[in-house]
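First, the structure itself, so that you have it in front of you.
Any read-out appearing in this document is the output of simple, stated calculations on the displayed coordinates, not a laboratory observation. Here the structure is a predicted model, which means the values were calculated and not measured. Virtual Cβ from ideal backbone geometry, glycine too; neighbours counted across all protein chains shown.
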Amino acid sequence: MKRLIIFTLLLCSLCLTACDDAGSTSIIGGADGPTSLFVAQKKESDMTMAQINKYLRQHYVNEHMLPSLDLMDIYFENPLVSGDRTLILDDSIENVLELMVYEYYQNKTAGDYQKVLDVILGEGLRIATKNEADNFANGLYYSRVFIDDIDLVDKDDLDEITESNKRNIVRMLTDLGTEEFAIVEAEAEIWHNEKSLAAGPQVGNGEVTRYYLLGKKDGAYKIVEVYWEGFMRD
């Protein structure tokens with residue numbers, strides 16, 4: 001009898017060890033459906049760099065599979081003037097993801113922060129955007145934004161992202177449960193209005209580069225995070 005108990009405990013221990021190696025195993029169920037067994041993926045912190053790079057390449061958008069963009073059906077005012085604010089685009093829009101990022105700038109220029117929030121998926125970015133909306137209401141904003149380039153980052157360029165940012169991206173995407181992702185790079189020149197400049201902004205007037213992390217969830221893309229200079233290795 002003792003041998004049987006010891007053998008059973010040993011077998012359970014081996015099963016638990018195997019579960020820890022593959023990820024966490026959990027049982028879920030309730031009144032609305034049958035109990036089911038699922039195995040969670042390894043946490044990002046447990047992934048090797050090779051696994052992270054593989055995840056990024058496997059989940060990156062296939063540009064050729066994006067919905068076609070009929071430029072004849074797209075109209076936006078360029079330059080866009082809203083009050084004392086101006087947005088100028090000096091590049092072409094090649095796909096729906098680049099268009100999403102441009103419209104993000106467009107809605108900020110127009111002061112329509114509800115539309116900005118509607119396309120944001122990441123909680124950290126939502127909080128930052130609400131703070132920006134408060135600043136806008138208090139008269140602190142960009143008076144002029146000139147977008148020189150707006151481009152979907154090529155999959156091969158994912159190798160140039162710094163290691164810490166790769167880990168951060170995988171953590172956010174897995175936490176959100178996104179299906180795939182994309183990154184759009186925007187190079188722009190910004191000018192603050194006088195009140196904003198007097199307040200001592202973190203970034204003054206001049207050229208900036210921003211990297212927009214987009215995640216696809218429930219069949220739709222939204223903005224997860226915005227990265228600044230230093231996102232990629234020089």
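For an R0 of 30 angstrom, estimate the FRET efficiency from the Cβ-Cβ distance between Asp157 and Asn193 and round to the nearest 0.05.
0.30
May I ask you to work out the translational diffusion coefficient for region 81-123 at 10 °C, viscosity 1.306 mPa s, via Stokes-Einstein with Rh from the Kirkwood sum over Cα pairs, reported in whole µm²/s? Walk me through the numbers before you get to the answer.
Details: Rh = 11.3 Å.
Estimated diffusion coefficient is 141 µm²/s.
Which ³J(HN,Hα) values, rounded to whole Hz and listed in residue order, are derived for region 203-216 from phi using the Karplus coefficients 6.51, -1.76 and 1.60 in 6.51 cos²θ - 1.76 cosθ + 1.60 with θ = phi - 60°, glycine and proline given as x?
Calculated HN-Hα couplings, in order: 10, x, 5, x, 7, 9, 10, 10, 10, 9, 7, 10, x, 9 Hz.
Taking 0.36 nm per residue of sequence separation and subtracting the Cα-Cα distance, how much length would be gained by fully extending the chain between Asp234 and Arg126, in nm to one decimal? Mind dumping the intermediate values first?
Working: separation 108, 0.36 × 108 = 38.88 nm, distance 2.89 nm.
Stretched out fully, the Asp234 to Arg126 stretch lengthens by 36.0 nm.
Going by average Cβ density within 10 Å per residue, which order do the peptides 156-167, 193-204 take, highest to lowest? Let's see the in-between values first.
On the way: 156-167: 14.0, 193-204: 11.8.
The peptides rank, most packed first, as 156-167, 193-204.
Sticking with this one: Could you tell me the calculated FRET efficiency between Glu179 and Gln51, based on Cβ-Cβ distance and R0 = 22 angstrom, to the nearest 0.05? Please list the in-between numbers first.
Values: r = 19 Å, r/R0 = 0.85.
Step by step, r from the Cβ atoms, then E = 0.75.
Same structure again: I want to check the label-to-label distance for Glu207 and Asp84. Put each point 7 Å from Cα in the C-beta direction and report it in nm to one decimal.
Here the modelled spin labels are 2.8 nm apart.
Follow-up question, since we're still on this one. Mind listing the long-range amide H neighbours of His192? Cut-off is under 5 Å, sequence gap 5 or more, other chains count too, H placed in the peptide plane at 1.01 Å from N.
Placed amide hydrogens put Ser143, Asn205 under 5 Å from His192.
Which whole-Hz ³J(HN,Hα) couplings does region 52-58 yield from phi under the Karplus relation 6.51 cos²θ - 1.76 cosθ + 1.60, θ = phi - 60°, glycine and proline marked x?
5, 4, 5, 4, 4, 5, 6
Contour minus end-to-end for Ala137 and Arg171, with contour as 0.36 nm per residue of separation and end-to-end as the Cα-Cα distance?
Working: separation 34, 0.36 × 34 = 12.24 nm, distance 3.32 nm.
Roughly 8.9 nm would be gained on extension.
Let me ask another. Ordered by residue, what ³J(HN,Hα) values in Hz, to whole numbers, does region 97-106 give under the Karplus form 6.51 cos²θ - 1.76 cosθ + 1.60, where θ = phi - 60° and Gly and Pro are x?
6, 5, 5, 4, 5, 4, 5, 4, 5, 4
Please report, in whole Å, how far the alpha carbons of region 46-200 spread along each principal axis, starting with the longest.
49, 39, 25
Would you mind checking Lys54/Lys216; Lys130/Lys155; Lys115/Lys195 for any pair whose Cα atoms are more than 21 angstrom apart? Provide the component values of the computation, followed by the final result.
Working: Lys54/Lys216 18 Å; Lys130/Lys155 32 Å; Lys115/Lys195 24 Å.
In this structure, Lys130/Lys155; Lys115/Lys195 lie more than 21 Å apart at Cα.
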